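Single-structure report; data block below.
The values are calculated or read from the model by the stated rules, or taken from the named source; none is laboratory data. A quick note: this is a predicted structure, and the numbers were derived from the prediction, not measured. Glycine also receives a Cβ, built like all others from the backbone with ideal geometry; neighbour counts cover every protein chain displayed.
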Ligand code: SF4
Ligand code: SF4
């Protein structure tokens, strides 16, 4: 089997390790480009959300590269993501006539048996090796997140623009190559040190901005047009609300045991939106409030065009923003959104935040 | 003074108004319904919503705004799950929260949370809490609830008998006045005495009878039956010579029976109903063509529309028209497309004979 999977931020480094480890050839999902999106847009329904289109495009490109099996995750709603693969499968097979197998992992707590069957089918190593592999994959994912998190802190302080991003790319390559947990830990430590010893300007007090929104557009730099890095280069400290490993613990691991995660966020959101509405809708409200309480200067909400939960959130956020006196910029992303437009809007927003901080008696540089 | 409770004439109104009205009136309140959708209402709605919202949500905001100043409460139930399986579209789940955040100066909202997954009696308990808020006693509330449920069931039965919501609401009202007399089930009987009963034929039969085609028009009730939003779609189709079937005309039991054909259920109640009704039409070979009425930017419909398209293709390439409506849709444009589609169906039917 030649297996491919969705491309989401840096997570491919982890999944590659896992799938190769259990004995299959991996067709790496190519990082999305304009062409990916064009392909996806051509065959996806017009109002499908952006992640749907990008993923469909990614699958088509991976099929061109020889993939014959797609592994993806399912879900239970109430949002569309859980139905993605169902429909993508029909588009690929019925409409485009591709002979691909599509394997969907449904959430554990609904389907232990099904998950077990899929695993039995896929795994060509013994249980001990498999558990070892899972651990290695997890460590890699943790390492990737640790690097990114640190880069958000260092980037606004860097003296030489771009130096942080260079270390980050190197670190990702190192983690990709590492073949044992120990090596993963070593290269991560080294790269974190390197990042910390980059020339930094300790006198800056960067603006602090929280980035919230739908998981795919928050995690995939191509889709959000590098919002996080762009803000960093503007001298802004960015706190990204979602990291894949945190999200996995809160939503997959806990869910498997029927424990509800992210209670603090949900609790914060309750006065404005007491209902779970799927996607990250409720989180977007809750996180905005928590950022306000932590003294952040502003929040950027990222949402795909037609994203249902984020539209609900967007309708409510202006009130939250008024009540907590915290500026929020909502960016609705679709296939026509251009990087230049986003940069302009971010610049204007950052200027506004800077003026606001000065007015409130704070300092920046 | 009796409390006045406003009900916006949109979204869940089309499925539940008779039930809600019965309940509220039996509790001794006065029910005020917002007027039918107009350009004015839509413009108000646009003012209060984000640009990305779908047209039904905009329309709903407009209807809420139209009630301000006329009522003491506005009823916006939080419909979470009514079939115990799927939920409603996330925009329904956060409906009252959006309203509260975007419209200033609205009267207090009544937002019973209706989630049958919490137990068979959960909706009833939610409604009883509404009664308490309105100051009605427990026993009165319980009787009102019982009656409301029966009226609601009757209303559904009428819809399944090919009545349009506007007509069925009148008939349900009439029966309620004579409650608990046995409910008239034959259509003619149900219709006798309702003001709008004119002809003997069922309302969805073609008015131009020379060239009949059987057409299913599927979509969410709040789209299909809002004449302003659809630019009079159903009436126009009838005058073009089409007999029309809608999802509500398929009895709930038959819709449910089709569920097994879905490899995975959709997550949204009304979307499932659209798909299942369509499968019912397929199975019974009832239709010559399918029209899907959908709202610009509707999230669930992006999925539903593609599924229907692929399914029609599997049904021997059954003609399929997807009609996407928004606040700028003009009557002329829609008419042209409908005419072309119906003409094609007539021709195709002739060829097949
Ligand atoms: S959260 Fe938004 S982007 Fe994600 S599946 Fe739902 S609608 Fe699509
Ligand atoms: S189902 Fe579609 S039209 Fe209905 S509220 Fe949701 S997004 Fe809007």
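Selection over region B:64-77 of residues that are in contact with a helix residue (DSSP H, G or I) (Cβ under 6 Å, 6 or more places away or on another chain) and within 15 Å of ligand 2 (Cβ to nearest atom) gives a count of 2.
What residue, of B:313, B:317, is surrounded by fewer than 19 Cβ atoms within 10 Å (Cβ to Cβ), within 14 Å of chain A (Cβ to nearest Cβ) and not in a helix (DSSP H, G or I)? Walk me through it before giving the result.
Values: B:313 fails: not in a helix (DSSP H, G or I).
Sole residue among the options that is surrounded by fewer than 19 Cβ atoms within 10 Å (Cβ to Cβ), within 14 Å of chain A (Cβ to nearest Cβ) and not in a helix (DSSP H, G or I): B:317.
When region B:104-140 is filtered for residues that are more than 12 Å from residue B:78 (Cβ to Cβ), away from chain A (no Cβ under 14 Å), outside any helix (DSSP H, G or I) and in contact with a strand residue (DSSP E or B) (Cβ under 9 Å, 6 or more places away or on another chain), the ones remaining, listed by number, are B:107, B:108, B:134. Scanning region B:84-103 for residues that are away from ligand 2 (no atom under 15 Å from the Cβ) and either within 16 Å of the chain's Cα centre (by Cα) or part of a loop (DSSP other than H, G, I, E, B) (or both) returns B:84, B:85, B:103.
Taken together, the criteria exclude residue A:285 from residues that are under 22 Å from residue A:224 (Cα atoms), within 16 Å of ligand 2 (Cβ to nearest atom) and crowded, with 22+ Cβ neighbours inside 10 Å.
Conditions: (1) without any contact (Cβ under 8 Å) to a residue 40 or more places away in the chain; (2) more than 16 Å from ligand 1 (Cβ to nearest atom); (3) more than 10 Å from chain B (Cβ to nearest Cβ). Residue A:295 meets all but one. Number of the miss? Only one criterion is unmet by residue A:295, namely (1).
Kindly indicate whether residue B:14 is within 13 Å of chain A (Cβ to nearest Cβ), more than 21 Å from residue A:276 (Cα to Cα), within 16 Å of ligand 2 (Cβ to nearest atom) and in contact with a helix residue (DSSP H, G or I) (Cβ under 6 Å, 6 or more places away or on another chain).
no
For the condition within 11 Å of chain A (Cβ to nearest Cβ) and within 22 Å of residue B:273 (Cβ to Cβ), residue B:95 qualifies.
May I ask you to verify whether residue A:151 is in contact (Cβ under 8 Å) with a residue 60 or more places away in the chain and within 25 Å of the chain's Cα centre (by Cα)? Judged against the criteria, residue A:151 is a match.
Do you know which of the residues in region A:298-312 that are in contact (Cβ under 8 Å) with a residue 60 or more places away in the chain and either in a helix (DSSP H, G or I) or away from ligand 2 (no atom under 16 Å from the Cβ) (or both) is farthest from the other protein chains (Cβ to nearest Cβ)?
Per the stated criteria, the residue is A:298.
Of the residues making up region A:313-324, those that are facing chain B (nearest Cβ under 9 Å) and in contact with a strand residue (DSSP E or B) (Cβ under 9 Å, 6 or more places away or on another chain) are A:313, A:314, A:317, A:318, A:320. Of all residues being within 7 Å of chain B (Cβ to nearest Cβ) and out of contact with any helix residue (DSSP H, G or I) (no Cβ under 7 Å at 6 or more places or on another chain) in region A:76-92, which is modelled with the highest pLDDT? Just the residue, please. So the residue we want is A:86. Residues of region B:310-328 that are touching a helix residue (DSSP H, G or I) at 6+ places or on another chain (Cβ under 9 Å) and more than 16 Å from ligand 2 (Cβ to nearest atom): B:310, B:311, B:312, B:313, B:314, B:315, B:318, B:319, B:320, B:321. Checked across region B:281-301, the condition of being modelled with pLDDT under 85 and either within 16 Å of ligand 2 (Cβ to nearest atom) or assigned to a helix (DSSP H, G or I) (or both) holds for at least one residue.
Scanning region A:26-52 for residues that are within 13 Å of another protein chain (Cβ to nearest Cβ) and under 16 Å from the mean Cα position of the chain (by Cα) returns A:49, A:50, A:51, A:52. Out of the residues in region B:280-301 that are surrounded by fewer than 22 Cβ atoms within 10 Å (Cβ to Cβ) and within 16 Å of ligand 1 (Cβ to nearest atom), state the one that is farthest from the other protein chains (Cβ to nearest Cβ). Only one residue fits best here, namely B:296. Just one residue in the set A:277, A:285 is in contact with a helix residue (DSSP H, G or I) (Cβ under 7 Å, 6 or more places away or on another chain), within 14 Å of chain B (Cβ to nearest Cβ) and in contact (Cβ under 8 Å) with a residue 60 or more places away in the chain; that residue is A:277.
To keep it simple, each residue is scored yes or no on (1) surrounded by 13 or more Cβ atoms within 10 Å (Cβ to Cβ); (2) not assigned by TED's automatic domain parsing to the domain that holds residue A:197.
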residue	(1), (2)
A:91	yes, yes
A:98	yes, yes
A:114	yes, yes
A:117	no, yes
A:159	no, no
A:172	yes, no
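I'd like to check something: does region B:29-49 contain any residue that is within 14 Å of chain A (Cβ to nearest Cβ) and part of a loop (DSSP other than H, G, I, E, B)? For region B:29-49, residues within 14 Å of chain A (Cβ to nearest Cβ) and part of a loop (DSSP other than H, G, I, E, B): present.
Quick check on residue B:319: is it in the same structural domain as residue B:240 (by TED's automatic domain parsing) and free of Cβ contacts under 8 Å to residues at least 60 places away in the same chain? Considered against the rule, which asks whether it is in the same structural domain as residue B:240 (by TED's automatic domain parsing) and free of Cβ contacts under 8 Å to residues at least 60 places away in the same chain, residue B:319 comes out as yes.
With respect to the stated conditions, residue A:167 fails to be in contact with a helix residue (DSSP H, G or I) (Cβ under 7 Å, 6 or more places away or on another chain), closer than 14 Å to residue A:235 by Cβ and assigned to a helix (DSSP H, G or I).
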